[in-house]
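The values are calculated or read from the model by the stated rules, or taken from the named source; none is laboratory data. Keep in mind the model is a prediction, meaning the values are calculated, not measured. For neighbour counting, all protein chains shown are included, and Cβ atoms are generated from backbone atoms with ideal geometry for every residue, glycine included.
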Amino acid sequence: MQKNDARTYSNDTLQYIRIQIIEFLKNKQGTQGQAAELFGVSIRFVNKIWGKYKKEGTQGIELKKRGVKKNSGGISEEQRLEIQEKINKNTPDHYGISYFLWTS
């Protein structure tokens, strides 16, 4: 069976696959490799899900929000504007940075 890219699956589909994998392995219906083949995912995915389940139980396999959390130590709008202004006005060496370009 061809493995699909799990990133293209909806969250509901991913959660369903996770639960099916856990049930398959918990009931000793086969190996992790067989589960990967059966559900069309990578062995790494199965390994990761099974490990989380063994360590944290069903909470470990629940989907969590992805991406950067708001106000997670980022900079304020005021700080962003100040930095942008400094970048536009001068070169890095003006501020004691030993690069000629900001992208170095």
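Here are the numbers:
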{"quantity": "Conditions (1) among the acidic types (Asp, Glu); (2) surrounded by 11 or more Cβ atoms within 10 Å (Cβ to Cβ); (3) at pLDDT below 80: number failed by GLU37", "calculated": "(3)"}
{"quantity": "Test result for ALA6, surrounded by 10 or more Cβ atoms within 10 Å (Cβ to Cβ), modelled with pLDDT under 85 and small (Gly, Ala, Ser)", "calculated": "yes"}
{"quantity": "Among residues of the stretch 1-42, those that are within 22 Å of GLU56 (Cβ to Cβ) and within 18 Å of the chain's Cα centre (by Cα), counted", "calculated": "11"}
{"quantity": "Residues satisfying the stated conditions in the stretch 59-94, i.e. touching a helix residue (DSSP H, G or I) at 6+ places or on another chain (Cβ under 8 Å) and of a type outside the set (Asp, Glu)", "calculated": "GLY60, ILE61, LEU63, ILE75, LYS86"}
{"quantity": "Flag if LYS65 is closer than 18 Å to ARG7 by Cα and loosely packed, with under 11 Cβ neighbours inside 10 Å", "calculated": "yes"}
{"quantity": "Any chance LYS89 is at pLDDT below 85, loosely packed, with under 11 Cβ neighbours inside 10 Å and out of contact with any Asp or Glu (no Cβ under 6 Å at 6 or more places or on another chain)", "calculated": "no"}
